[in-house]
Structure formats: C-alpha cells, structure tokens
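This report refers to the structure that appears directly beneath it.
The values are calculated or read from the model by the stated rules, or taken from the named source; none is laboratory data. Small disclaimer: the values here were computed from a predicted structure and weren't measured. Here the Cβ positions follow ideal geometry from the backbone for every residue, glycine too, while neighbour counts run over all protein chains shown.
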There are 2 protein chains.
Amino acid sequence: MAFKVMHTPPLDTGDSEAKRDEIRRYFRTTWELYEKLFEVMACDEAYFLRADPLRHPLIFYLGHTAVFFINKLVLAKSISGRVNPGFESIFAIGVDEMSWDDLDEKNYEWPTVSEVMAYRNQVRAVVEKAIDDLPLEIPVGWDDPHWVILMGIEHERIHLETSSVLMRQLPLDMVKPHPDWAICGNSGEAPANELRDVPGGKVVLGRPANRAHYGWDNEYGQLESDVESFRASRYLASNAEFREFVEAGGYITERWWTPEGWDWRSYRQAEHPAFWIPASDKEFRLRCFVEEIAMPWDWPVEVNQLEAKAFCNWKTETSGRPVRLPTEEEWYRLLEVAGLGDHATWDQSHGNINLAGYASPCPVTENISAGFGDVVGNVWQWTETPISGFPGFRVHPLYDDFSTPTFDTRHNLIKGGSWISTGNEATRDSRYAFRRHFYQHAGFRYIESETRVEIAEDIYESDALVSQYCEFHYGQDYYGVPNFMVTAAEICRELCAGRKIARALDLGCATGRATFELARFCDYVTGIDFSARFIKVGHLLQKKGYTRYAIPEEGELVSYHEKSLADMDLDNVRDKVEFRQGDAHNLKEQFTGYDLVLACNLIDRLYDPSLFIDHITPRINTGGLLVLMSPYTWLEDFTPKDKWLGGLKIDGENVTTLDGLRSRLEPGFRLVTEPRDVEFVIRETARKFQHTASQMTVWEKVL
Amino acid sequence: MAFKVMHTPPLDTGDSEAKRDEIRRYFRTTWELYEKLFEVMACDEAYFLRADPLRHPLIFYLGHTAVFFINKLVLAKSISGRVNPGFESIFAIGVDEMSWDDLDEKNYEWPTVSEVMAYRNQVRAVVEKAIDDLPLEIPVGWDDPHWVILMGIEHERIHLETSSVLMRQLPLDMVKPHPDWAICGNSGEAPANELRDVPGGKVVLGRPANRAHYGWDNEYGQLESDVESFRASRYLASNAEFREFVEAGGYITERWWTPEGWDWRSYRQAEHPAFWIPASDKEFRLRCFVEEIAMPWDWPVEVNQLEAKAFCNWKTETSGRPVRLPTEEEWYRLLEVAGLGDHATWDQSHGNINLAGYASPCPVTENISAGFGDVVGNVWQWTETPISGFPGFRVHPLYDDFSTPTFDTRHNLIKGGSWISTGNEATRDSRYAFRRHFYQHAGFRYIESETRVEIAEDIYESDALVSQYCEFHYGQDYYGVPNFMVTAAEICRELCAGRKIARALDLGCATGRATFELARFCDYVTGIDFSARFIKVGHLLQKKGYTRYAIPEEGELVSYHEKSLADMDLDNVRDKVEFRQGDAHNLKEQFTGYDLVLACNLIDRLYDPSLFIDHITPRINTGGLLVLMSPYTWLEDFTPKDKWLGGLKIDGENVTTLDGLRSRLEPGFRLVTEPRDVEFVIRETARKFQHTASQMTVWEKVL
C-alpha cells in the first residue's frame, strides 16, 4: 500500500494535546483512505448503480460516513448547527438491506458525486474544528466528547470494508484497477487440509471497560467459558476444498442445508460461491475487489454462513465425524492456542490484515501460527454464534441502535478480520455480525467437535407486555413504591416465620421474580404461568442468570436494560426453582402438596376464579397458606361477569370481591390476618405508569 | 278502615326503649297491612298472572318485601345468616319494568302462595328479633342499625301502594271486594274547573339532615327557588274534564302529544285512560282497585304523565293560554299557599290520604284548602319535573340504587300522595318518580304560566371517560399528588405575576377545572375542548354550580359524587369563564388576542400538533405565554407517526418531543424556564390509577 495505515489509538496514555494530534491524524488517514477507496470507481454512473438489488448505490455510502459525523456531533451537542440538513437526512439511514418499497427510486434524488465530495470537504473542516475545540482529557472515555470523534472514525472504517464488498459486486466495467489497491499475485495448488487438535481451556470474552482503545457497545461486558477440546482445520477452507462440495452436488442437495439456507439457495438459484465467475471452459474465474482473475484455488473460499454450514454438513456426512463451524468461544480458544491471544491490536506480523499486505486474500498457506493458518486475517471466518451482548452489556446513548437490532439470533458473528479490516475491526475484542446470507470478505474454518452448539435465545425482549413485566419484576422502583414481588415474598416469609416450607407455588408467576424471591426461604418453588411468553423470562434467568429487555421511553424510542440474578443476590437460588407453563384451572397432577401458594394479580384474570379455588384447594397441605393478591380489576375481557367473585350486584345487593372470597373459601380456609393493600407500579413509558393497590388476603387451610 | 294506620315515627325524640316499641308496632302494622292487601286476591292463580305484561306477577311482590328486609340486614351485618337463600335470590330483584327476556317464564319457578306466606312468617320473626336486639339510641340516624329496619318498613309501604296498582290491573275476577278496602260511595256531577292565582314566592325543597323522620336518600340536600306567580286549576282534572279532551280527538291528534307521548299512544293504541272501561252503551265505567263501577265523573282522572301533558297542550291550543303541569317547585309553592306547607306528616285532616278515607279516590270537591282541592291526597299529581338529587345529595350506602337509576331525566316526580300513600310517602318531603308512561294512582292539576320549564340535564354523569375526568379535575387527591389542574393554574399564576391577563385560553379544557382556576387571576378565560361530552360538565358547573358523577369502585360497583364550585371557592368566577366546543387546529376567529394559552395534556392527542402550533401562534399576543403540558404519550390512534413532534428516530437519530418543540417554536417563542415535570393521577377504580408525569414547557412569544 502506498498510504499509511494507522492503528486505532490507545486512549488511556500520553499527553492530551499529543493525543489530540494523534486523533486528528487518525481521522485524516481514515477520511482519505475512504475517499481513496472510491478512486476505483470507473465513472460517476457507477455511483448510482445498485451493486446489490436490496442496497443503496455507492453514492449513499460516500455521503453516509460524513453525515454520520455531523448527526452524532449534533446529537452530542458538540456542534451547534448542521452543514446540509437535506444531505443529513437522505444519507442518514439505509445502510442495511431494505425492503423494495424503501428503495423505490422516486424516493431518492441523489446529489451528484461532486456535490457529495464538496459536502465531504465541508464536513471534514467541521470535524477537524471539533477535534481542535472539544475538551480532551486522558483517558478518553465512553462519555467524552472525543469518543464521538472516534465513533465517527471507526464507523467510517467499517464502511471502508463494507463498501469494498459492494464495489466487488458492481459490474467489472464499473470499477478499475488502482495501484494503491493491488491484489496478491501469489497462488498455486491448494494444500490438503487436515484437522488438528485444539486442547480445551477457559476463555474470557469481552472488552474490559478500562481497555485502551475505542470499542463498540457490544464488545463490553464479560463472558467466561470453558471450551471443550476440539479439532480445527489447519487451513481456512480453500476454493479448491470447497470445489469438492460443489462437485458433490452441494448446491442441489437439500439435506445438507439448513431450512434457512435452502430457502436462500432456492431464492438465489445459487450453484456456486457468488464471486466464482463461470468461464467458457467450464472452469471458474474469481471476481476480486476490482479485477477478475484465474481462480486462485489455494486462496480461501468466500461464502456466506449458509453455504459454509452446508459444506460442514456435507463434510459430516462424508467423514462420519461431527463437523461444524466454530463458536465464538472456540475461535477465541484457537486464537490463544495459536499464540495470538494477547494482542490487543493486530498488525501485519500476524497475517493478511489491516491493509498491510494486499487488496485481496492470499494463499491459505501464507500465514501460519502454531500450525494454524489465518487464525487472524485474510478473510473473516463465520461462526455458529449469533451475536448478542455479553453480560454487562449496555447501549451507548449516542448510538443506541448500533447493536441491539442485530441481537435477534439472525446475525452471526464473523471473527478474525480480512485483508481490509482496520482500526477497531482489527482488534482482538472486535465483534461484527451479519445476516447469515450476507456476503463479506468472509470464508470459514471448519472444526470437528462432539460438543453441541447451544444457540441462546438471547434477544432483547421486545414483546411490549413481557418487557413491561420484566421492568415491573426486575427493574427500578418508581414513586417510592418498593418492588411488589419482593414485598409479596417478604410478607409470605413473615407469615411462614419458623415453618419449614418444603414446596411453594407461585401461580401466575409472569416473569418470575416472586418465584426466585420465595426460594430465599422455601426449599423449592414452582413458578407457573399460562403464558409461555412470560415463562421464557424466568427460564432464561434461571439458565443464564440475566435477562434483557427494551422498554418504551417516549413514542417509539426505547431504552435497553439488563438485569442479573447476581445483582439481586438471587444467584444462589437458581437450583431451587422451576418454571412451568400451566393453566391455574387445570394444573398437572404433579403440582400438589404445597405449604404455600402465592397468586399475585391472578384471580381477576382467570376465566373462572371459583373453579380455580376448587382446583387449588386439594393441592394445599392442611395448615398451608393460600396468599391472594389482587386489585380486583374485573373485566369481561378476561372473566365473564357471571364468574366474577365480586364487584357486582347479586340479588340486587353490592357484593365486593372480599365478600365473594369469604363465601367461597370459608370455612375450609381461615382468614389469617386483616386484608391489606400492597401498592405496585407498572411503567408504561418514561412518564406514564399504572399505580395500583393489590389487596392481599391470607388464607390458612384448616380442613 | 278497620285497621290502624300509623304515621312514620319521629326518630329524634323520646325514650329509646319506647322508640323500640314504637318501631316494632310500626313494623307489625305495616307487615299486616301489606298482607291484608293481598286478601283481595280471589284465588292462588291470581298471584301468578301478570297484571302488566312487563312486570312480575303478584307472588313476586308478596315475597319481595320480606326478602328486602333480610337482604338489607345481611348487608348491614345486622343478622348473620339467611332465612332461605333461594327465595332471597328469586324475590330480590325485578320490581321495575323488565325486558321480555328477563321475564321468560322458564327462568322463574315461583313457590306457592303458602310457601311464601310461611317464609314471611319466618322473616317476621327474624325482623322482630332484630328490632329487639339491635342497639338503639335516640336520635336514630342514617348510619344506625334501626335505620335499616325503617328502610324495610318504608320499602314495604311503597309496595303497598304499587302492588295495589298492579292488582287494579288484574282481571276483575281475579280480585274480590274486601270490607277493609271499601271504596268511596260519593260521586256526582263534576264541577266546572277554573284557574286561580298562586302568588309567587320562595320555596325551600329538601329534607334537612336533622328532620325527625326516616327519609330516602333523594329527599336530602337543599334547593332554594324563587317561584314566579302562576294560576292553578282549582281542582284536579276530573274524569269529566278529561272526557272533553277525549271527545275532542285527544287520542288521535298527534300534535298535542310529545314525541315520547305519541310513541307510547301508538304502541298501546290507547283511546282513553287505562282504567276507563268502555261499556256497551258507549259510556265508560271505572275500574277501581277491586271493583268496577259506573263512571264517577267528579273523581280525579287517573292517567300517566304523557296523557296529562297531551291534555295540557290541547288546553293551551283551545284556550290560547300557556297551560302545563306544575313543576316540583310550583307544587311546593301551592302547598304553602294552601296552608299545608308546615306539616311534616299529613294525616286525614288534610285529604284523602294515608288510608284515612277510602280505598279509592273521591270527588275532587271533597277536600279543599284555601280554595284548592286535593293539594294533598286523593291521587298523586304528575309534574313537569324529572327527578334528580338536590344539591348535597348522596346515596345511602346500603341502598345505593334506590334513586340514582331514576336520575336519568326519564322519571318524572309525582307529588301530593294518593288515598293509599302512607308512612314516608305521606310526608311533605317525600319524592317519588316514575317513568312517564307508568300508571300509578295518579292524575294531575294543570296550571297556566308564562314561565318556561327548564329541564336540567341533571343526570349522574356515567359516561366512563367523562366521569373519570370529573374525578381527575374535581375529585380527591391520590397518592399525595396535588390536583393537576390546580397546580397548572398556580404555576401559570406565578409565571404571570404582576401582569394583567385580560384573556386566557384553556385549550383541551376537558371538564374545565383549569378554566375556573385560571379565572382566579385572569379577567376572562375561555375553555375549549373538542369533545362536547367534556364541555357539558364545565357548562353545568358554570350554570348550576355543581356536577355529579358516578365512578367505578370495583367491577360494576360505582360510587356517586357531587362537587360544587362553592366547595372549591370558585363560585365567584362563574361570570369570568366560558366553555366552547372547538378544534385546536381550527379555532373560530373570535378566539384570539390571548395573553396566556394553557394546553394541558393536549399536544399528544392532536392529529397534527405542528398545525396546531402554526394555528395558535397568531392568536397569542406578543409577550404572551404558551404553556404546554404533556406526558408525550404518542399513540398512532391519535396522531399519525409522521406528525409526532418527537419520540421517534429522525434520520436515524433519537428526537425527543422537547427537541421537536424547540425546533418548531424557536425563535418565535423563547423557552422561559427549564422544563419541569408535573405529576398527575387519574383514578380508574378504587384500586387502579394512572400515575403520570406531564412535562411543562413555558414559551414566551417574542416575535
């Protein structure tokens, strides 16, 4: 390369003015590098073609990285005015795949290339002034003004890579070779691949908060994991190795594909990797960034995750061994075994990365560490792991949709970086994920392992009601009203003082807080709810120790939250609870023999509360307690009026729910204490809450 | 009569044990009198016939008055057990007219007469024991145990009369003459009627809380009124006088009837009063209680209110004078003029009432006071006035549906009592009302008056949302949060300190509290709301000084509330406000020149908040204030998302409503103070509330 590549700067050391200079240089290098990428465009027309039918043309991306700086600086109140409000709207969103409607050309009247370049020059001046003017102290942290500058720079470096992928998808005559973007000239016969042992061991994932470099929100937090031993392919799968799969009928054999993969293959009518160009002699050529060359069979194959996965399944069938992609954790384990694990920032010494080598992949044999090729660099490596946040994850307030929209189990992580990965992308802790059918400069290493991959359903809970209940059960207190579930369980503890509670039931447990709380003093607690949507939260908390959810703030704006059992000092009761889906009117036989049954806000949501009372009674031990809490909000949507326990006129007279409970429960049960009201608050938005008093009645089974 | 009639006992004087004896005697007299009424039934079969197709058969009423005692005593927790739960259900409700479905015979398996009589005997013993056992102190008040005994007795006395009406509607062979129920033997030629002057004067309606006797809830409170002079017919309209109307084509001439009256007439195909029996000689006979006799033309005609009203309209047309029925106030004025006004309890000296004379009406000439016949007694007199509570009205907690269901402008008051009106019915302060098409032992006196009758729309607000806002604006504080409208107005007052506010606008005023509150310091305040349902409350408060509403407690149970401007010290601003219906996006031209515009919880309920801002801006004086309060609860139900001021991502970035307000209002407006949150609480039920924080921003118009 004829231009200087810089590493993403450390932010925790050095003199502040020297750091300001370094950031300025890093900005300029990035800015110029990005513009140099566009020098491969053959003509202005090329900017307005869609390289991918579901993506914007390149003109968008040329404007977008500049607009991003302005929009984030405005949001951070670091600059007062806009540069070009029109541009800052049309170039703002649309990075990702879109629907056909959004892409309707009549919705976009793109400026000319020279107009966008003129705009970029204006923005460059604004950003440079901001770099000069904004206060800077060492260390530069997540909340500091210069963090936003780094955000803009690293954002542009991401687009450096992703734009190069789009350019690679343009017709060949729309791009042109460029001396600064020269591809690798080496290629030869592909090596035979082989599997090599990777001993198991502990890995620690996650960028510590005090790490020296800029990081995206999804990199923070921490996940420790014990990785079982596995065997990994010595080399990334080469074009030659993948040809075996193609020739074995890989693209016409449905059984090797996941259902999602086969759907994609059928939709695209794919017959081979996308950058393989069929030539007249039945051979393939390879479309590189801006050139087409004879197929370099010893370079890594570039495919999407669905193709890589199909290859592994074919390999499993033909080898009789369990072949798959590595998980994120397994990739980090391999990184350590390869002796590359302690490098915060990679440079050319470790592989074909950081534009230190070529503007293309190179043979899979060229960069070997501890017997493994291309653990870092050359092309990204697909994993089995959908991206999600590590425990401790929180969104950056100025870019709250950088990561969370991808936490949907449909975006898989790629690891290791490619020849054009720079800046944050080229750090050990970076985490990028794409839809499994997307193309990047990405291929794969395959492994053999008996260890089953567990895909956590670790998405941000966005089901509005479930999220609301997550906050109700695990979130903060509002209006000074203590957590309702904690209070309910505390009162139960007082009521049970001195008695052994072998089995307790939390009926209508919703997202499960009271189930956990009861387990502080009960030997075993079952949480049952009719809604599997709710139960899922309790399950996940029990299994993973934390839950995540997004709740509305104002309009469609949301905030993201993570709550862990450890924070509530409930980590030690995980083995004392179970969550089950069930109907309070018709529980399975096993749910019986209870010393304590708690039903919070349940009875006025049942279709037949009297039937519930009849049903639960024989399941309570004599001397056991039935604790009912309800605001008696009877609604015909839930309970036909003739089934209401009270809150209506019967034979012309007012009958309260308390009256109705007495008449149904006595004398088999005895009212232990005077009824009392327990307040609760359910948050709907940042400013709107339900504030309710639930009446608690405690009934001892005496007959 | 061969049996002793007792007056309803005074409850504020005498020895408590003597009073207990008196109540016991009053109970027994009533109980036996009621059973004696049923002695006119010719056979058991008669009990099971429907006298009126929309009413229960008489067997229901025989059981009902006993069941009422038990149900109220149970409700009051004065007795512990029931006598016969089955009877206490089937005889509990159904006094009023019902729909055909409810009356489906298969829903009712009536007990035999002897079973019901046996039950009555059991109940009698229970009530007598309660009279013996329940504590009794003088005075006996509304909350005391013996008040419930009186309630049961007076309830039975009402049914004494209403059952006699139903018996009168049975076929003649189903009843039989009875020596204790002997009708009047006097009749002769009807007198010519004439109009006599009644001088105007002040009347005070309403039973004082400390009055000596039992009263129903609707009798309490107080209403003072200045009655204009009018002329009243010397006699109640006689059968002879009414015949003139019939012969003039009264029942076939639609223009004399109210629309409701004509509908009724058409449905019933009525051609004359219901108790007039056409005889073979084209003459009429009269169906009395249990006998049919030659028409006594000088007895008062008995008709429903619709027939009486048609008569008056005919009379107006033929006389050229404004003839109508008296209002409730005019009847009380006549009572005073007749010299009967100071009697709390009437007895035989005043007329054919209290069973002191006959078991029938008597000639209209028989009881004359100060020149007017039958001001009290003989038959009830229909009025123009639909019943409603007096200011200060509140329901009795043990009988909360005695009155309020009739406060619907469809039940008109009858005054004066009939020959069979006893007990409370025969007191000056009693107030009974029936649907205008009902038959009672009722006729009418007509009057001539230029004074227009104003029918107050004085029903209990039961529109759920309007009631909720009545409580929000005028009701109590919850969770320690001060009244939101008062706080908003107070903050406005502080903001305006020292400035003259000639014109203020409360936009989105709902039920109008802030409009009144602003008038404490503004010269004139206009309250505007899009909803006429809401505006009505402000109108009524301004006009009458109070409002009434029913709000949910639990399930379908409600509580009744009355709030007056005087209680809020706002009586003196009634002339400084106006309420108008209007669209905040499109106000009439006259609504301009404001020094202060308050918009509470408005902007997130508009279909186009920006249009509203554009629209209101020129209507605010330079230097004037625009005070916006909103929780920013944006919902597409109210505001299309593309019209939200904030709470969404614009060009990919979060934009809050405050951001949106700034960008739309500045620089024409200046933000005067930092935004602040003002809490409010809206009650949904006794236990469920919305607890919200509204952000207040204050904008001074500077351009």
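When the range B:549-588 is limited to residues that are among the aliphatic types (A, V, I, L, M) and away from chain A (no Cβ under 14 Å), the one that is farthest from residue B:609 (Cα to Cα) turns out to be B:566. Within the range B:594-602, is there a residue that is out of contact with any strand residue (DSSP E or B) (no Cβ under 9 Å at 6 or more places or on another chain) and among the charged types (D, E, K, R)? Taking every residue of the range B:594-602 in turn, none turns out to be out of contact with any strand residue (DSSP E or B) (no Cβ under 9 Å at 6 or more places or on another chain) and among the charged types (D, E, K, R).
Selection of the range A:384-425 for residues being among the acidic types (Asp, Glu) and in a loop (DSSP other than H, G, I, E, B) yields A:400, A:401, A:408. Of all the criteria given as (1) buried (at least 17 other Cβ atoms within 10 Å of the Cβ); (2) within 13 Å of chain A (Cβ to nearest Cβ), the one not satisfied by residue B:676 is (1).
Tell me whether the range B:280-297 contains one or more residues that are of a type in the set (Ser, Thr, Tyr), farther than 22 Å from residue B:374 by Cα and either in contact with an Asp or Glu (Cβ under 6 Å, 6 or more places away or on another chain) or not in a loop (DSSP other than H, G, I, E, B) (or both). If you could, list the steps in order and put the result at the bottom.
We begin by selecting, within the range B:280-297, every residue of a type in the set (Ser, Thr, Tyr); these are B:280.
So of that shortlist, the ones also farther than 22 Å from residue B:374 by Cα come out as B:280.
Add one more test, that the residue is either in contact with an Asp or Glu (Cβ under 6 Å, 6 or more places away or on another chain) or not in a loop (DSSP other than H, G, I, E, B) (or both), and what stays is none.
No: the range B:280-297 contains no residue that is of a type in the set (Ser, Thr, Tyr), farther than 22 Å from residue B:374 by Cα and either in contact with an Asp or Glu (Cβ under 6 Å, 6 or more places away or on another chain) or not in a loop (DSSP other than H, G, I, E, B) (or both).
Between a first residue in the range B:74-93 that is more than 9 Å from every other protein chain (Cβ to nearest Cβ) and among the polar types (S, T, N, Q) and a second residue that is buried (at least 16 other Cβ atoms within 10 Å of the Cβ) and in a loop (DSSP other than H, G, I, E, B), which pairs have beta carbons less than 7 Å apart while being 6 or more apart in sequence or on different chains? Close Cβ pairs satisfying both conditions: B:78/B:134.
Based on this model, can you work out whether residue B:665 counts as surrounded by 23 or more Cβ atoms within 10 Å (Cβ to Cβ) and either over 30 Å from residue A:633 (Cβ atoms) or among the hydroxyl-bearing types (Ser, Thr, Tyr) (or both)? Spell out the reasoning first.
Numbers: surrounded by 23 or more Cβ atoms within 10 Å (Cβ to Cβ): no; either over 30 Å from residue A:633 (Cβ atoms) or among the hydroxyl-bearing types (Ser, Thr, Tyr) (or both): yes.
So residue B:665 fails the test.
On the given criteria, is residue A:426 over 20 Å from residue A:560 (Cβ atoms) and either within 14 Å of chain B (Cβ to nearest Cβ) or modelled with pLDDT under 95 (or both)? The answer is yes for residue A:426. Residues satisfying the criterion are present in the range B:400-411 (criterion: polar (S, T, N, Q), out of contact with any Leu (no Cβ under 7 Å at 6 or more places or on another chain) and within 14 Å of another protein chain (Cβ to nearest Cβ)). Take the conditions (1) more than 17 Å from residue A:697 (Cα to Cα); (2) free of Cβ contacts under 8 Å to residues at least 24 places away in the same chain; (3) over 40 Å from the mean Cα position of the chain (by Cα); residue A:636 misses just one of them, which is (3). Annotation note: of B:472, B:444, the sole residue that is at pLDDT 95 or above, in contact with a strand residue (DSSP E or B) (Cβ under 6 Å, 6 or more places away or on another chain) and within 14 Å of chain A (Cβ to nearest Cβ) is B:472.
Let's see how each residue does on (1) in contact with a Leu (Cβ under 9 Å, 6 or more places away or on another chain); (2) in a helix (DSSP H, G or I); (3) surrounded by 15 or more Cβ atoms within 10 Å (Cβ to Cβ):
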{"residue": "B:158", "(1), (2), (3)": "no, yes, yes"}
{"residue": "B:163", "(1), (2), (3)": "yes, yes, yes"}
{"residue": "B:167", "(1), (2), (3)": "yes, yes, yes"}
{"residue": "B:173", "(1), (2), (3)": "no, yes, no"}
{"residue": "B:185", "(1), (2), (3)": "no, no, no"}
{"residue": "B:188", "(1), (2), (3)": "no, no, no"}
{"residue": "B:191", "(1), (2), (3)": "no, no, yes"}
{"residue": "B:197", "(1), (2), (3)": "no, no, no"}
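Of all residues in the range B:234-269, which are among the basic types (Lys, Arg) and either modelled with pLDDT of 95 or more or surrounded by fewer than 18 Cβ atoms within 10 Å (Cβ to Cβ) (or both)?
Step one: list which residues in the range B:234-269 are among the basic types (Lys, Arg), which gives B:234, B:243, B:255, B:265, B:268.
Correct list: B:234, B:243, B:255, B:268.
Checked against the criterion of being farther than 13 Å from residue B:167 by Cα and charged (D, E, K, R), the candidates B:55, B:28, B:50 yield just one match: B:28.
Check the range A:633-647 and report whether any residue there is among the small types (Gly, Ala, Ser), within 13 Å of chain B (Cβ to nearest Cβ), closer than 23 Å to residue B:90 by Cβ and outside any helix (DSSP H, G or I).
Looking through the range A:633-647, at least one residue is among the small types (Gly, Ala, Ser), within 13 Å of chain B (Cβ to nearest Cβ), closer than 23 Å to residue B:90 by Cβ and outside any helix (DSSP H, G or I).
This table checks each residue for (1) assigned to a loop (DSSP other than H, G, I, E, B); (2) buried (at least 18 other Cβ atoms within 10 Å of the Cβ); (3) not acidic (Asp, Glu).
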position: B:12; (1), (2), (3): yes, no, no
position: B:22; (1), (2), (3): no, no, no
position: B:29; (1), (2), (3): no, yes, yes
position: B:33; (1), (2), (3): no, yes, yes
position: B:36; (1), (2), (3): no, no, yes
position: B:61; (1), (2), (3): no, yes, yes
position: B:65; (1), (2), (3): no, yes, yes
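Residue A:498 meets the conditions (1) in contact (Cβ under 8 Å) with a residue 24 or more places away in the chain; (2) in a loop (DSSP other than H, G, I, E, B) in every case but one. The failed one is (1).
Please return the ranges of strands (runs of 3 or more DSSP E) entirely within the range A:514-584 where 3 or more residues are at pLDDT 90 or above and closer than 30 Å to residue A:497 by Cα.
Working: elements: A:525-529, A:546-554, A:557-564, A:577-581.
The strands (runs of 3 or more DSSP E) meeting that bar are A:525-529, A:577-581.
Checked against the criterion of being in contact (Cβ under 8 Å) with a residue 24 or more places away in the chain, over 35 Å from the mean Cα position of the chain (by Cα), within 12 Å of chain A (Cβ to nearest Cβ) and closer than 19 Å to residue B:486 by Cβ, the range B:658-671 has no qualifying residue. Please specify each residue of the range A:67-94 satisfying the condition of being touching a helix residue (DSSP H, G or I) at 6+ places or on another chain (Cβ under 9 Å), more than 18 Å from residue A:128 (Cα to Cα) and surrounded by fewer than 19 Cβ atoms within 10 Å (Cβ to Cβ). Result: A:89, A:94.
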